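The structure under discussion appears below in the form of structure tokens.
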Amino acid sequence: MSDSHGKDSAGSTGGGHADEGPHEGPIKTPQQLIWTVVASFVIPIVIIILLVNYVAFGNKPAAGSDGLGAEAVARRLQPVGKVEVRDASGPVVVRSGEEVYKAVCTACHSIGAAGAPKTGDAAAWAPRLKTGYDTLLNSALKGKGAMSAQGGGEYSDYEIARAVVFLANQSGGKLEEPKAPAAAASGAAAASAPK
Ligand code: HEC
């Protein structure tokens, strides 16, 4: 009889079907009822715990792979090219002579590559030092022989000047630290001035 009302097996909501006889659900014993009640609490809780785990720790990389690590993903998302914008009016970071030397000049001058006068070789530097700081600076800025302009670096003239002084003074010279050009000086002063 109840088959004629498909929805009825889920529980009668009453309302004029009293003539269908006693309602029969899947739960027939008190034990089954207890199990059903317990399961109806436990199963959703387990599902919630699993979902929370999935959401919170879903980014776990596969074992033995860092392919999904935040760092690895960021690396892959990097733009192809990078543009370094140097704000000429911003605080000027002036590298010291030693920094420039270690970044560029050391490549040739530490080992005397391509006939470069070796750093610290006073004998090799003595005749060059005699030509004067301006000559040396000019050579470093514009290039000389196998040395390209600025030794191939991209620095301000002032930074190259400091590198020349650093290099020369490592090699028996007694040059004075070059004065900062006016623009850099005012920029540095502005940068360090209290606001
Ligand atoms: C590619 C190699 C190379 C690099 C890099 C290099 N130099 Fe040189 N440098 C040379 C060579 C070679 C000479 C000798 C040139 C000559 O007398 O013909 C030289 C000579 C010099 C001289 C003497 C110039 C003169 O008039 O006698 C100075 C000063 C100097 N270098 C400074 C620098 C500084 C500062 C840097 C870094 C910014 C630098 N060099 C980077 C190869 C290099």
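Taking the fewest neighbouring Cβ atoms within 10 Å as the starting point, the ordered list for Y133, Y155, Y54 is Y54, Y133, Y155. Shape class of region 98-156 from the Cα gyration tensor (axes a ≥ b ≥ c, square roots of the eigenvalues): oblate, since a/c reaches 1.5 or more and a/b does not exceed b/c.
In region 97-182, a dipole from Cβ-located charges (positive for Lys and Arg, negative for Asp and Glu) runs towards its positive end, and of L129, P178, S110 it is L129 whose Cα lies farthest in that direction. In a reduced charge model with +1 at each Lys and Arg Cβ and -1 at each Asp and Glu Cβ, region 97-182 shows a dipole moment near 300 debye about its Cα centre.
For the residue pairs K82/K144; K82/K118; K102/K174; K102/K142, the alpha carbons lie more than 29 Å apart in K82/K144; K82/K118.
Computed from the coordinates by the stated procedures, all read-outs in this text should not be read as laboratory data. Every value quoted in this text rests on a predicted model; they were computed, and no experiment measured them. Virtual Cβ from ideal backbone geometry, glycine too; neighbours counted across all protein chains shown.
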